[in-house]
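As structure tokens, the structure follows; a few thoughts come after it.
Throughout, read-outs are computed from the coordinates displayed, never taken from laboratory work. It should be emphasised that the depicted structure is a prediction, and the values quoted were computed from it without experimental measurement. Glycine gets a Cβ as well: all are built from the backbone with ideal geometry, and neighbour counts include every protein chain shown.
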Amino acid sequence: MRDLIVAGNWKMNKTVDEAVILVQELSERISEESVGEVKVVVSPPYVVLPQVISELWDNSMVSVAAQNCHENESGAFTGEVSAKMLQSIEADAVILGHSERREYFGETNEIIAAKVDAALENNLVPIFCCGEVLEQRQDGSFFNVVKSQIVEGLFHLDNDAFSMVVIAYEPVWAIGTGETASPEQAQEMHAFIRGVVTEKYGHEIAENTSVLYGGSCKPGNAQELFANPDVDGGLIGGASLKADDFVAIIEALKNK
């Protein structure tokens, strides 16, 4: 049985004081009773990771992910953070291949594949992002684009390693634009992704791989999106910055 997951990507938001306030609000409201089987993840900026981890130390219901890591363990890479460093502060996971990293920082499938390896070597769960831009959605190449990202970014892994990965589908054209993929479009792509995984790793592993939706999921559309059989939760952006909205999304998944 695959995990149901709500992961909040804070992006470049929240000072230390603001982050502490948010996680305190979340911690007060997130318990085994309130979330049920849903796994909750928060992903703050590097600078506040230690404080967030400390604040959540006694709340086993919330995991902490970094927003990126470097593919090398150490070296002359000014401004970068390695998976080994994240492990040393007891982070649980790391988001890799986010559309913003691909677009703004030129991350290729090859680079992301190396980052996946680094994460797994340091016992971090990779939350692997894939998705198409508007032009690719419009010209009909979106299935091929997403398949290539998955094949080139993940399919070098053996069965055991792949089983640690969470996939997040981002319709890039629906991020920060106010647009949202319809529930039917989300289900179509999630089912396609599961089919691609099945071809490589077989039915059992594919059925146990969590595939999250990462395109402007909000309290108002979460329930409809999560009702789809192949949508196993969400990678949440702006709505993760407000405790009320984030908790509402968790509750929508709990009722799936």
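Quick one: compute the contact order of the stretch 83-237, relative version, from alpha carbon pairs under 8 angstrom and 6+ residues apart, as a percent. Once divided by the residue count of the stretch 83-237, the mean separation gives 20 percent.
Tally Lys and Arg at +1 and Asp and Glu at -1 over the other residues with C-beta under 14 Å from the C-beta of Ala191: what net charge comes out? My count for the surroundings of Ala191 gives -3. Working note: Karplus 6.51/-1.76/1.60 with θ = phi - 60° gives the stretch 203-209 the couplings 4, 5, 5, 4, 5, 9, 8 Hz, where Gly and Pro are set to x.
Each of Lys39, Lys147 was scored by other Cβ atoms within 10 Å of its Cβ. Listed from fewest to most, they are Lys147, Lys39.
Classified by the C-alpha gyration tensor, the chain has a rounded form. Its axis ratio a/c, with a ≥ b ≥ c, is below 1.5.
Going by how many other Cβ atoms sit within 10 Å of their own, how do Val133, Val23 line up, fewest first? Don't skip to the answer; put the middle values down first.
Working: Val133 17, Val23 25.
If I rank by nearby Cβ atoms, fewest first, I get Val133, Val23.
Over the residues of the chain, the helix contribution to mean residue ellipticity at 222 nm works out to -13000 deg cm²/dmol, using -39500 (n - 2.57) for each DSSP H run of at least 4. Arranged from fewest to most other beta-carbon atoms within 10 Å of their beta carbon, His156, His98, His190, His203 become His203, His156, His190, His98.
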